[in-house]
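What follows is a single structure, written as structure tokens, with notes after it.
The values are calculated or read from the model by the stated rules, or taken from the named source; none is laboratory data. Just so it is clear, the structure is predicted and the values come from calculations on it, not from any experiment. With ideal geometry, Cβ positions are generated from the backbone for all residues, glycine too; neighbour counts draw on all protein chains shown.
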Amino acid sequence: MKHHRPRDFDTMSMDGWIKLRAGESCAFAMDTQIHPSDFELRAKMQTVRGMVLGAGFTVENNLVLVQLADAFGTTDRQQGGKAFAVKENYLRAESTGVERRLEGAKAIIRRVLGNNEGDAAVQDISEYRRIRHLCAHRPSWLESVWDPEAGTDPSIPKGRTVGFRLFIADSDFIWEIDEPQIAEWVALLNRTAAAGDKVLRSILQIDESGKPISATAPM
């Protein structure tokens, strides 16, 4: 779940550290199981980062191909020639930057998909850009789930950490990385990749198997 980041809110500088606000407690004892544990949530964050960045290749590759197909009418380097190779190298270059790589596809998407569907796809691209940066460059942190009644050891006062919650933030928003949030990001990545693929096939006039639409049209 995403919510606005308070102006005076500070995150952790190291990934996966435990963050305590004033008056909050964190305590461990052998008589209380912690679930999910700090280890489990740090591993989950690495999995989420990998999922977003891995799926992001398909998103960005589709949008690179959209721009090449729109400019040259093909995604074949041999057919495109030298000018094709120059533009492709520019779009894929590390120095180009993600924002510039994505920006060139937005007008094409709006033109091909129309205002409503195109605007929704462009909005998804912007949100993808945000979560890509989030997972590539922002540290996560853990917050303790405190139960004041937990604990069975009579030699230790009650009150234990019984679990943790996982968070990440950029300069504007905070996300709790739970299962609904992961599912929302998966859906976003799938939609954005599918929109790029749809636009690419429309430009090239091919179906989902890569065959020319004229060759598969009913007689």
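Here are some notes:
- Among the residues of segment 47-102, the one identified as buried (at least 18 other Cβ atoms within 10 Å of the Cβ), touching a residue at least 24 places away in the same chain (Cβ under 8 Å), among the small types (Gly, Ala, Ser) and more than 15 Å from residue 136 (Cβ to Cβ) is 69.
- Taken together, the residues in segment 191-219 that are free of Cβ contacts under 8 Å to residues at least 12 places away in the same chain and within 28 Å of residue 1 (Cα to Cα) amount to 1.
- Top-ranked residue of segment 11-42 - restricted to ones that are of a type in the set (Lys, Arg) and at pLDDT 90 or above, ranked as nearest to residue 178 (Cα to Cα): 42
- In segment 28-42, the residues that are buried (at least 18 other Cβ atoms within 10 Å of the Cβ) and among the acidic types (Asp, Glu): 38
- Pair list, Cβ < 7 Å and 6+ apart or interchain, from segment 128-150 residues that are free of Cβ contacts under 8 Å to residues at least 12 places away in the same chain and part of a helix (DSSP H, G or I) to residues that are of a type in the set (Ser, Thr, Tyr) and surrounded by 19 or more Cβ atoms within 10 Å (Cβ to Cβ): none
- Condition check for residue 155: assigned to a loop (DSSP other than H, G, I, E, B) and polar (S, T, N, Q): yes
- Applying the set (1) closer than 20 Å to residue 52 by Cβ; (2) at pLDDT 95 or above; (3) basic (Lys, Arg) to residue 106 leaves exactly one unmet item: (1).
- Condition check for residue 42: in contact (Cβ under 8 Å) with a residue 12 or more places away in the chain and either in contact with a strand residue (DSSP E or B) (Cβ under 6 Å, 6 or more places away or on another chain) or within 30 Å of residue 143 (Cβ to Cβ) (or both): yes
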